[in-house]
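Right, one structure below, let's go through it.
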4 protein chains.
Amino acid sequence: MNEHRANEHRNGPVRSAAARDAILEATARLFQSEGYDHLTIEGIAKEAGVGKQTIYRWWPTRGALIADCLSDGRLFAVDFAVPDTGDLVADVEQWLDTVIPILDAPGGGALLRSLVAAAAEDSAVGDHLSESLGVERHLSERLTAGIRDGQLAPGAPVDELGHAILGTIIVQVLSRQDDATDRLRQLVRFMLRSGSPQNGPLSPTDAK
Amino acid sequence: MNEHRANEHRNGPVRSAAARDAILEATARLFQSEGYDHLTIEGIAKEAGVGKQTIYRWWPTRGALIADCLSDGRLFAVDFAVPDTGDLVADVEQWLDTVIPILDAPGGGALLRSLVAAAAEDSAVGDHLSESLGVERHLSERLTAGIRDGQLAPGAPVDELGHAILGTIIVQVLSRQDDATDRLRQLVRFMLRSGSPQNGPLSPTDAK
Amino acid sequence: MNEHRANEHRNGPVRSAAARDAILEATARLFQSEGYDHLTIEGIAKEAGVGKQTIYRWWPTRGALIADCLSDGRLFAVDFAVPDTGDLVADVEQWLDTVIPILDAPGGGALLRSLVAAAAEDSAVGDHLSESLGVERHLSERLTAGIRDGQLAPGAPVDELGHAILGTIIVQVLSRQDDATDRLRQLVRFMLRSGSPQNGPLSPTDAK
Amino acid sequence: MNEHRANEHRNGPVRSAAARDAILEATARLFQSEGYDHLTIEGIAKEAGVGKQTIYRWWPTRGALIADCLSDGRLFAVDFAVPDTGDLVADVEQWLDTVIPILDAPGGGALLRSLVAAAAEDSAVGDHLSESLGVERHLSERLTAGIRDGQLAPGAPVDELGHAILGTIIVQVLSRQDDATDRLRQLVRFMLRSGSPQNGPLSPTDAK
DNA sequence: TCGTAATCGAGACGGTACGTCTCGTCTTGAT
DNA sequence: ATCAAGACGAGACGTACCGTCTCGATTACGA
């Protein structure tokens, strides 16, 4: 019987949804506009119209706030779904077309750098990092489907391939390479090339 | 030219090499033991037995100190050279065998995370990041040689492959995956696979 | 009588005597052990096992709690009555013998200091201050009796004499004079000296 | 030889007199206008245009600031000197005429209550309390002179008499008695009464 | 050889943010 | 209506560092 479970319930006021919302919204706004290193608890509290203690009561660290923003989809508005048209490379490039504009937008590189900084400092963010851009769920699933369709070798490490693409983006962003889009596409096509004699000619345009 | 005129008439003592050394050594020590976010200028000054102003005089930011430590090889003692035995995959795995122990050592993951945090915050570190683990110089060169030897497709994007490997490591470290070594090896073998008929399965040994 | 009318028509439970008691007891205990400035409403509530609101409902300020503790005799257990043996000075010294041990006990000085701090901050305590050590009631009455008996001049300002004795004690305690007992006795004997021929040295019994 | 004492001198910047001055001035101003319990370090720092750490660097507690204000004469502008006209009671009443207006001024009672609160909380203030109103120095000295002149009995406890007068004032102020001036004068006259008929002439030799 | 000028260790300074504590009010469900 | 519990906005606490500045001592030229 779990009726008396009901009796275990604590009396007293309940967590304020309005406060939670205001805090996460303020966090997302300040994170995007100021960056992770200028993100302060006091600033969030002021922006949200909330006491500091209300933040500390529910989130142990700055990173936990960012992690919640990620989970709630408050940092990236877009949908990172990967289509399945049957053409694996084209579909992944479609995903790239979703991601790249974010990075090329003004402040986009800084946004990802901030996210990396948060992930480096706080494991709560790190846990959500690869998931946050759709890598974990959407991209890996599409690659797995690619194996089923015979477009990718059966033993291909799909998770690592997703991490590799994300990781390449991160390295480029950390290196402040703003013109890396084409090379990223090249890499994806190379990594996902189907095996053909001579290791398969890349498309003529790729081969340059 | 009178650019150097400005410096010609200078009296007084010259920059103290001892101070520079003590500062960078203290920086490296504290960075390794405390991490980037607990690294403070005041802490470095005290540890180095130096005035704060002596640091501010020569380095504009915390990151610049880290960048100098990287350049001086004060953060990673090892040599990240990649051998050239003719077997590309084996050589790259040799490089992996140099890198992985660093990450598996106690605090190794935290060290790389700190480095990433520094790179995210400060472009001076970001610029040296991929270079710092031998990726830029040694790994890319070896991949280029692989193209020459016919072990890699002519159009293979060597720099991006290096970044992809490093990026995968970074993503794994940021995600706090401590057991990712094998999957990293798998990825490298997959990415560097030579084209074979039907593109797979991977070589029998790879296939487990 | 309609004083208790106020309680007759009320719904719900009536004021909890148990809560009142626990709160005042907790207040007294914490006041004595921690001092007035470390006395907090939250601390009292926790110590008493009571909600904060229950305190705020019935007492407007910290000081009101202390004032109630004074009224209930929860701070000083002893009886500050002044005997009337016919010898005024001896009787007042008897009262001193009641008061002084309290101040000489460990923490006794701190206790009176805390009481003074409370009185300085809150008029509710200030109103009970001179009353609390028996000055207002017992000491003044004894002095008045002394006038009747001819041991004190008819116009002697009995209330002010009581205040002067208490005030001297307070000044000594505020000045952290731990050895002021004898000088206090001297003062009392001097202030209450009856005019006698030669008038000094003080009366033979005093001079001992 | 103490020449090498000179070498023990610390290098580096010296304490800023301007900061010290601004801090004490702000402390005095806020103490007088807001009272001790509303006096905050942050408020002082803001008022003085100073960092909090500059206060904490030189003063351990709020009370130490008040004590320094007392020492510098920043709380009471007036001079508490006691004249010596030969008439002891008149002279002491002259001192009363200096003190009473301070207490009768608007906020004067609150000022002394604040001072008492500070003294109760902090020994640094307590040590200066009786000194601060001229009791220790001027009043006691005048009473001592009164003994020399035969207006006071030789064994009179002059320090305690000063404390008694001050203490009476404190008790009156703590009890919020705003009309106590006359009774205070009565007390002083009674305590310092020379022997007269109806309470006994002091001895001829004392009266000298 | 003696200024002159830059560097050095030390640390005070005006600030900002930290994470904790308590305030007094408000809300909840139980009695 | 009162109670225990405790969330809430507010704001002070005392600490840690920031980056700038000032100090006296210490070099190392150039006049």
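With the structure loaded, tell me whether A:Thr61 is hydroxyl-bearing (Ser, Thr, Tyr), within 16 Å of DNA strand E (Cβ to nearest atom) and either away from every other protein chain (no Cβ under 14 Å) or closer than 30 Å to B:Gly108 by Cα (or both) or whether it fails that test.
Numbers: hydroxyl-bearing (Ser, Thr, Tyr): yes; within 16 Å of DNA strand E (Cβ to nearest atom): yes; either away from every other protein chain (no Cβ under 14 Å) or closer than 30 Å to B:Gly108 by Cα (or both): yes.
Yes; evaluated as a whole, the condition is true for this residue.
Out of all the residues in the range C:25-34, is one or more under 22 Å from the mean Cα position of the chain (by Cα), farther than 17 Å from C:Val125 by Cβ, surrounded by 17 or more Cβ atoms within 10 Å (Cβ to Cβ) and not assigned by TED's automatic domain parsing to the domain that holds C:Gly109?
Just the residues of the range C:25-34 that are under 22 Å from the mean Cα position of the chain (by Cα), to begin with: C:25-34.
Pick out the ones that are also farther than 17 Å from C:Val125 by Cβ and you get C:25-26, C:29, C:33.
Next cut, surrounded by 17 or more Cβ atoms within 10 Å (Cβ to Cβ) only: C:26.
Keeping just the survivors that are not assigned by TED's automatic domain parsing to the domain that holds C:Gly109 gives C:26.
Yes: the range C:25-34 contains one or more residues that are under 22 Å from the mean Cα position of the chain (by Cα), farther than 17 Å from C:Val125 by Cβ, surrounded by 17 or more Cβ atoms within 10 Å (Cβ to Cβ) and not assigned by TED's automatic domain parsing to the domain that holds C:Gly109.
Need the failing condition index for C:Ala119 against (1) surrounded by fewer than 24 Cβ atoms within 10 Å (Cβ to Cβ); (2) more than 24 Å from C:Leu143 (Cα to Cα), just the number.
Going through (1) surrounded by fewer than 24 Cβ atoms within 10 Å (Cβ to Cβ); (2) more than 24 Å from C:Leu143 (Cα to Cα) one by one, C:Ala119 breaks only (1).
So which of B:Glu141, B:Glu121, B:Glu160 is under 15 Å from A:Leu161 (Cβ atoms), more than 12 Å from the chain's Cα centre (by Cα), acidic (Asp, Glu) and assigned by TED's automatic domain parsing to the domain that holds B:Gln94?
Working: B:Glu141 fails: under 15 Å from A:Leu161 (Cβ atoms); B:Glu121 fails: under 15 Å from A:Leu161 (Cβ atoms).
After ruling out the rest, the residue left standing is B:Glu160.
I'd like to check which helices (runs of 4 or more DSSP H) are fully inside the range C:35-99 and have at least 1 residues that are outside the structural domain of C:Val135 (by TED's automatic domain parsing) and within 19 Å of the chain's Cα centre (by Cα). First the steps, then the outcome.
Values: elements: C:41-48, C:52-58, C:62-71.
Helices (runs of 4 or more DSSP H) meeting the threshold: C:62-71.
Any idea which of (1) closer than 23 Å to B:Gly126 by Cβ; (2) more than 12 Å from DNA strand F (Cβ to nearest atom) is the one B:His38 doesn't satisfy?
(2)
If only one of A:Gly49, A:Gly43 is at pLDDT 95 or above and within 8 Å of DNA strand E (Cβ to nearest atom), which one is it?
Sole residue among the options that is at pLDDT 95 or above and within 8 Å of DNA strand E (Cβ to nearest atom): A:Gly43.
Identify the single condition in (1) surrounded by 14 or more Cβ atoms within 10 Å (Cβ to Cβ); (2) within 24 Å of B:Leu187 (Cβ to Cβ) that B:Gly86 does not satisfy, given that it satisfies every other one.
(1)
Out of the residues in the range C:170-192 that are part of a loop (DSSP other than H, G, I, E, B) and touching a residue at least 60 places away in the same chain (Cβ under 8 Å), state the one that is farthest from the other protein chains (Cβ to nearest Cβ).
Our first condition is that a residue be part of a loop (DSSP other than H, G, I, E, B); within the range C:170-192, this holds for C:175-180, C:192.
Remaining after also requiring touching a residue at least 60 places away in the same chain (Cβ under 8 Å): C:176, C:178, C:192.
On the way: C:Arg176: 5, C:Asp178: 12, C:Leu192: 10 Å.
So, considering only residues that are part of a loop (DSSP other than H, G, I, E, B) and touching a residue at least 60 places away in the same chain (Cβ under 8 Å), the one farthest from the other protein chains (Cβ to nearest Cβ) is C:Asp178.
Pick from the range C:152-169 the residues that are in contact (Cβ under 8 Å) with a residue 40 or more places away in the chain and assigned to a loop (DSSP other than H, G, I, E, B): which of them is farthest from the other protein chains (Cβ to nearest Cβ)?
Restricting to residues being in contact (Cβ under 8 Å) with a residue 40 or more places away in the chain and assigned to a loop (DSSP other than H, G, I, E, B), the top hit is C:Leu152.
Would you confirm, using the coordinates I've provided, whether B:His138 is under 26 Å from B:Gly150 (Cβ atoms), surrounded by 17 or more Cβ atoms within 10 Å (Cβ to Cβ) and either touching a Pro at 6+ places or on another chain (Cβ under 6 Å) or touching a residue at least 40 places away in the same chain (Cβ under 8 Å) (or both)?
Numbers: under 26 Å from B:Gly150 (Cβ atoms): yes; surrounded by 17 or more Cβ atoms within 10 Å (Cβ to Cβ): yes; either touching a Pro at 6+ places or on another chain (Cβ under 6 Å) or touching a residue at least 40 places away in the same chain (Cβ under 8 Å) (or both): yes.
Yes; evaluated as a whole, the condition is true for this residue.
If a residue must be in contact with a helix residue (DSSP H, G or I) (Cβ under 7 Å, 6 or more places away or on another chain) and of a type in the set (Ser, Thr, Tyr), how many such residues does the range C:17-60 contain?
Of the residues in the range C:17-60, 3 are in contact with a helix residue (DSSP H, G or I) (Cβ under 7 Å, 6 or more places away or on another chain) and of a type in the set (Ser, Thr, Tyr).
The values are calculated or read from the model by the stated rules, or taken from the named source; none is laboratory data. Bear in mind the structure is a predicted one, so any value in this text is a computation, not a measurement. Cβ coordinates were reconstructed from backbone atoms using ideal geometry, including for glycine residues, and neighbour counts include every protein chain displayed.
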